[in-house]
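Have a look at the structure below before the remarks.
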Amino acid sequence: MSTAAVGLIAGLLLAIAATTGGIVGFIVAVILGAVGLAVGAHHDGAIDITAVWRGRGRG
C-alpha cells in the first residue's frame, strides 16, 4: 500500500473520530481525507506541496 493511500485512510479515520455526522461531518471528512491524500502523495514524491509556498520567485 502506498503512502498516499495510508495518508488518505488516516485522514478519513481522523475525520470519523472528529465528527458526529450530518453534512458538516461529511464535508470535514472529505477535507481531512484530501489533506491526508496530499501529504501521502507528497511523501511518495507524486506531487510537490512545497511549490505552493515557494511561489514563482521575483527577479
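Hey, does the range 39-48 have a residue that's free of Cβ contacts under 8 Å to residues at least 24 places away in the same chain, among the β-branched types (Val, Ile, Thr) and open to solvent by 70 Å² or more (accessible area, probe 1.4 Å)?
Within the range 39-48, one or more residues are free of Cβ contacts under 8 Å to residues at least 24 places away in the same chain, among the β-branched types (Val, Ile, Thr) and open to solvent by 70 Å² or more (accessible area, probe 1.4 Å).
Let me confirm something: among VAL39, VAL52, VAL6, which residue is aliphatic (A, V, I, L, M) and either in a loop (DSSP other than H, G, I, E, B) or modelled with pLDDT under 80 (or both)?
Only one candidate passes the filter, namely VAL52.
Within the range 17-38, which residues are under 25 Å from SER2 (Cα atoms), open to solvent by less than 60 Å² (accessible area, probe 1.4 Å) and of a type in the set (Val, Ile, Thr)?
VAL28
Taking LEU14 as the residue in question, decide whether it is open to solvent by less than 100 Å² (accessible area, probe 1.4 Å), free of Cβ contacts under 8 Å to residues at least 24 places away in the same chain and part of a helix (DSSP H, G or I).
It is false that LEU14 is open to solvent by less than 100 Å² (accessible area, probe 1.4 Å), free of Cβ contacts under 8 Å to residues at least 24 places away in the same chain and part of a helix (DSSP H, G or I).
The values are calculated or read from the model by the stated rules, or taken from the named source; none is laboratory data. Keep in mind that this is a model prediction, so the values were computed, not measured. Counting neighbours? That spans all protein chains shown, and the Cβs are built from the backbone with ideal geometry, glycine included. Heavy atoms of the whole protein, side chains included, go into the accessibility calculation; ligands, DNA and RNA do not. Shrake-Rupley method; radii C 1.70, N 1.55, O 1.52, S 1.80 Å.
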